[in-house]
Every structure is written in structure tokens, then in C-alpha cells.
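Below is one structure, written out as C-alpha cells; the observations come after it.
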Amino acid sequence: MYVVFKYNNCGTWTECAVCHEHERADVGMEPFLEGTWDWVCFECLEKVLPGGQRALEVIRAADAEREEREHLLSGPAGGDAFPF
Ligand SMILES: [Zn+2]
């Protein structure tokens, strides 16, 4: 069993595909079973992929930083002048 990290862009409630105990819904980088959209909880992630929780934290931090940078580059919505 392999776990991959993919960008989950629909925040629907999902049950862990491994333990079926934990569930959550989150948009962003999440662990899934390879080749599927079967979500894996943090506890199982660590069992299947030791060090996976730390890896996911690093990936999420990089993703958040990228989004922030893109937001800064795109400027204010609508292209209106700054109100000052
Ligand atoms: Zn689980």
C-alpha cells in the first residue's frame, strides 16, 4: 500500500480508507492511497509512510507560501486603483 499527496480541491467529508475511524474534510494537500482518491488519516499516514506527517507539513507550508506569492503578484481584484 502506497500513499501519495494530492491537492484536494473539494472539501467533502471523507472516511479514512485504512482505519475507517477518522474522517474530515479539508481543501489542500492531503494524503491518498496511490492511484485513488481514497483519503488517509494522519494516524494511518504515519503507519503506511513513516515520516509522512512531517513530509505533509513541509508540502503544505510550501503550498501556502506559493499561494501567498501568487496572490501578491496578481494584485487587487478588478484592477482598481488603491484607495489612497
Ligand atoms: Zn485512518
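Pairing residues of the stretch 54-71 that are in contact (Cβ under 8 Å) with a residue 12 or more places away in the chain with residues that are among the small types (Gly, Ala, Ser) and outside any helix (DSSP H, G or I), at Cβ distances under 8 Å and at least 6 apart in sequence or on separate chains, gives ARG60/GLY28; ASP63/GLY28. Among the residues making up the stretch 14-27, those that are of a type in the set (A, V, I, L, M) and either within 11 Å of the ligand (Cβ to nearest atom) or in contact with a Lys or Arg (Cβ under 8 Å, 6 or more places away or on another chain) (or both) are ALA17, VAL18.
Table: residues versus (1) within 16 Å of the ligand (Cβ to nearest atom); (2) outside any helix (DSSP H, G or I); (3) of a type in the set (Ser, Thr, Tyr); (4) over 16 Å from the mean Cα position of the chain (by Cα).
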site	(1), (2), (3), (4)
VAL4	yes, yes, no, no
THR12	no, yes, yes, no
MET29	no, yes, no, no
LYS47	yes, no, no, yes
GLN53	yes, no, no, no
GLU57	no, no, no, no
GLU68	no, no, no, no
HIS71	no, no, no, yes
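Read-outs throughout are calculated quantities, based only on the coordinates presented, and are distinct from any laboratory measurement. The structure displayed is predicted, hence computed values, not measured ones. FYI the Cβ positions are ideal-geometry reconstructions off the backbone, even for glycines, and counts take in every protein chain you see.
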